[in-house]
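Note sheet for the following structure.
The values are calculated or read from the model by the stated rules, or taken from the named source; none is laboratory data. Since this is a predicted model, take the numbers as computed values, not measurements. We place every Cβ from the backbone using ideal geometry, glycine too, and count neighbours over all the protein chains shown.
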Amino acid sequence: MNHEYFEQAKKQYEKWGISIEEAFEKLKNVPISIHCWQGDDIAGFETEQQELSGGIDVTGNYPGKATSPEELRNDLEKALSLIPGNHRINLHAIYAETDGQWVDRDKLEPKHFEYWVKWAKKHGLGLDFNPTLFSHPKADDGLTLTHPDQDIRDFWVRHCIQSRKIGEYFGRELGTPALTNIWIPDGYKDIPSDRLTPRKRLKESLDKIFDENIAETYNRDSVESKLFGIGSEAYVVGSHEFYMQYAQQNQKLCLLDTGHYHPTEVVSNKLSSMLVFNDLLALHVSRPVRWDSDHVIIFDDELREIGMEIVRNDALDRVLIGLDFFDASINRVAAWAIGTRNMVKSLLYALLLPHNYLKQLQEEGNFTERLALMEEFKTYPFGIIWDYYCEWMGVPVGESWLTDVKDYEKNVQLKRES
């Protein structure tokens with residue numbers, strides 16, 4: 001890249017007291033938890049393959065998806081080579097490796113994730129975890145932890161307890177605590193006649209799950225809300241209000257998924273309220289288009305607002321950022337690269353704004369200058385700074401990463417058996 005252009009751009013920011021070097025140093029230490037399930041369309045590696053269920057759908061049939069743990073890890077390595085920073089990988093329980101033996105989910109153990117831990121150690125990665133409460137015969141009717149059948153509820157309780165133990169194993173082995181996040185699909189397609197009883201059952205199930213003593217040094221627990229899903233359009237048991245209060249009462253993390261709210265409701269506006277009452281928050285960043293469709297995230301207004309809310313509130317170490325999108329209509333490695341680079345980009349954009357001065361203008365009631373500056377910074381030479389950051393971090397600059405993906409697709413992905 002042209003370093004003369006970079007020096008000119010740098011001076012424009014420096015006149016506002018913004019240090020590019022300090023921004024780079026901060027950003028390189030912010031890990032994004034990259035979801036493994038983009039690479040194989042949430043298929044997983046269970047020996048008894050299940051149909052995707054739980055209000056989740058992946059559309060498209062782009063060739064070259066990963067069909068084995070080795071292929072998935074290779075694809076993740078390729079994606080990580082295109083993304084600046086030091087990041088984490090987020091796993092679901094269905095990505096266990098059981099040496100061809102059927103192990104039901106309530107019997108999963110840390111040993112079934114040993115290969116993931118060895119790989120993570122080799123590449124200096126942290127691991128996060130999620131119990132998989134969908135795509136299973138005991139979730140066929142869309143109910144798990146709230147099921148009227150006690151035996152089914154108990155099965156899923158055991159699965160979640162085992163998942164927390166696996167998260168603890170990750171944290172102990174890798175020296176960085178895992179985030180183990182619980183999301184359930186439970187709800188009803190049409191208007192329920194009883195909203196309270198399922199929520200009482202959910203609280204009872206969660207209480208049993210968290211009663212198991214797991215070292216918080218190694219594992220952090222979070223609960224994830226949702227407004228609606230396919231097959232649960234009228235009512236979801238685990239609403240935002242339910243989980244926000246449960247997390248607050250039980251000292252668990254509340255995880256906000258950017259696709260899980262009304263189309264006109266944005267997560268960026270929730271962060272400051274949540275940060276007043278919580279030491280830590282967790283995010284799953286996706287992009288809804290009219291509904292929770294989990295499109296690859298783009299550098300749009302809401303993503304920039306999320307980055308700004310995290311940075312301007314000095315919360316880079318208080319908001320655990322994970323991603324959650326899945327698109328099978330485009331190259332899956334490219335999807336990771338596009339989405340994760342955009343998440344990192346939004347944080348860099350936020351780090352290059354004069355937040356203290358803008359806050360001062362607001363306190364003084366000087367809304368004219370505040371608005372003017374916020375608009376002018378939108379066309380500052382941010383792209384040049386981003387390119388330099390990528391070069392500084394040793395990853396492809398600009399769109400040149402796409403050449404790497406095309407080569408990888410031709411030489412690796414398209415040679416796989418579908």
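Put simply, of 87, 136, 123, 112 the only residue that is touching a strand residue (DSSP E or B) at 6+ places or on another chain (Cβ under 6 Å) and not hydrophobic (A, V, I, L, M, F, W, C) is 87. If you take the residues of segment 359-397 that are surrounded by fewer than 15 Cβ atoms within 10 Å (Cβ to Cβ), charged (D, E, K, R) and free of Cβ contacts under 8 Å to residues at least 40 places away in the same chain, which of them is nearest to residue 299 (Cα to Cα)? Taking the candidates together, the pick is 378. Against the condition surrounded by 15 or more Cβ atoms within 10 Å (Cβ to Cβ) and more than 21 Å from residue 30 (Cα to Cα), how does residue 326 come out, does it pass? Taking the combined requirement at face value, the residue satisfies it.
Of the residues that sit in segment 147-161 and are free of Cβ contacts under 8 Å to residues at least 60 places away in the same chain and under 16 Å from residue 110 (Cα atoms), which one is farthest from the chain's Cα centre (by Cα)? Within segment 147-161, the match that is farthest from the chain's Cα centre (by Cα) is 158. Scoring residue 262 on the criteria (1) buried (at least 18 other Cβ atoms within 10 Å of the Cβ); (2) of a type outside the set (S, T, N, Q); (3) out of contact with any Pro (no Cβ under 8 Å at 6 or more places or on another chain) leaves a single failure, condition (1).
For segment 208-223, a residue qualifies if it is surrounded by 18 or more Cβ atoms within 10 Å (Cβ to Cβ) and under 16 Å from residue 157 (Cα atoms), and the qualifying residues are 209, 210, 214, 221, 222, 223. Given the criteria free of Cβ contacts under 8 Å to residues at least 12 places away in the same chain, within 19 Å of the chain's Cα centre (by Cα), farther than 22 Å from residue 127 by Cβ and loosely packed, with under 15 Cβ neighbours inside 10 Å, does residue 289 qualify? Answer is yes for this residue.
Counted as qualifying within segment 178-295 are the helices (runs of 4 or more DSSP H) with 3 or more residues that are closer than 28 Å to residue 113 by Cα and in contact with a helix residue (DSSP H, G or I) (Cβ under 7 Å, 6 or more places away or on another chain), namely 196-211. For the condition over 30 Å from residue 273 (Cα atoms), out of contact with any Asp or Glu (no Cβ under 8 Å at 6 or more places or on another chain) and either in contact (Cβ under 8 Å) with a residue 12 or more places away in the chain or surrounded by fewer than 22 Cβ atoms within 10 Å (Cβ to Cβ) (or both), residue 400 qualifies.
Whether any residue in segment 241-258 is surrounded by 13 or more Cβ atoms within 10 Å (Cβ to Cβ), modelled with pLDDT of 95 or more and within 22 Å of residue 23 (Cα to Cα) is what I want to check. Scanning segment 241-258, I find no residue that is surrounded by 13 or more Cβ atoms within 10 Å (Cβ to Cβ), modelled with pLDDT of 95 or more and within 22 Å of residue 23 (Cα to Cα), so the answer is no.
Yes/no per residue for (1) more than 24 Å from the chain's Cα centre (by Cα); (2) touching a residue at least 40 places away in the same chain (Cβ under 8 Å):
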position: 15; (1), (2): yes, no
position: 29; (1), (2): no, yes
position: 36; (1), (2): no, yes
position: 52; (1), (2): no, yes
position: 66; (1), (2): no, yes
position: 70; (1), (2): no, no
position: 86; (1), (2): no, yes
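Would you confirm whether any residue within segment 316-329 is farther than 22 Å from residue 89 by Cβ, among the polar types (S, T, N, Q), at pLDDT 95 or above and touching a Gly at 6+ places or on another chain (Cβ under 6 Å)?
yes
Listed here are the residues, each with its yes/no results for (1) over 30 Å from residue 175 (Cβ atoms); (2) without any contact (Cβ under 8 Å) to a residue 24 or more places away in the chain; (3) among the polar types (S, T, N, Q).
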| residue | (1), (2), (3) |
| --- | --- |
| 192 | yes, no, no |
| 196 | yes, yes, no |
| 208 | no, no, no |
| 213 | no, yes, yes |
| 216 | no, no, no |
| 224 | no, no, no |
| 233 | yes, no, no |
| 241 | yes, yes, no |
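Considering segment 136-146, and only residues there that are in contact (Cβ under 8 Å) with a residue 40 or more places away in the chain and crowded, with 18+ Cβ neighbours inside 10 Å, the residue that is farthest from residue 236 (Cα to Cα) turns out to be 136. Residues in segment 374-390 that are aromatic (Phe, Trp, Tyr) and over 17 Å from residue 304 (Cα atoms): 2 in all. Which of the residues spanning segment 246-272 are closer than 25 Å to residue 204 by Cα and basic (Lys, Arg)? Once the filter is applied, which keeps residues that are closer than 25 Å to residue 204 by Cα and basic (Lys, Arg), segment 246-272 yields only 252.
Of all residues in segment 267-279, one or more are of a type in the set (S, T, N, Q) and touching a strand residue (DSSP E or B) at 6+ places or on another chain (Cβ under 9 Å). Taking the numbered list (1) of a type in the set (Gly, Ala, Ser); (2) touching a residue at least 40 places away in the same chain (Cβ under 8 Å); (3) surrounded by fewer than 18 Cβ atoms within 10 Å (Cβ to Cβ) in turn, residue 124 passes all entries but (2). Mind checking whether some residue in segment 45-53 is crowded, with 19+ Cβ neighbours inside 10 Å, within 24 Å of residue 138 (Cβ to Cβ) and not charged (D, E, K, R)? Checked segment 45-53: no residue is crowded, with 19+ Cβ neighbours inside 10 Å, within 24 Å of residue 138 (Cβ to Cβ) and not charged (D, E, K, R). Test residue 234 against the criterion of being within 30 Å of residue 300 (Cα to Cα) and hydrophobic (A, V, I, L, M, F, W, C), and give yes or no. So residue 234 fits the description; yes.
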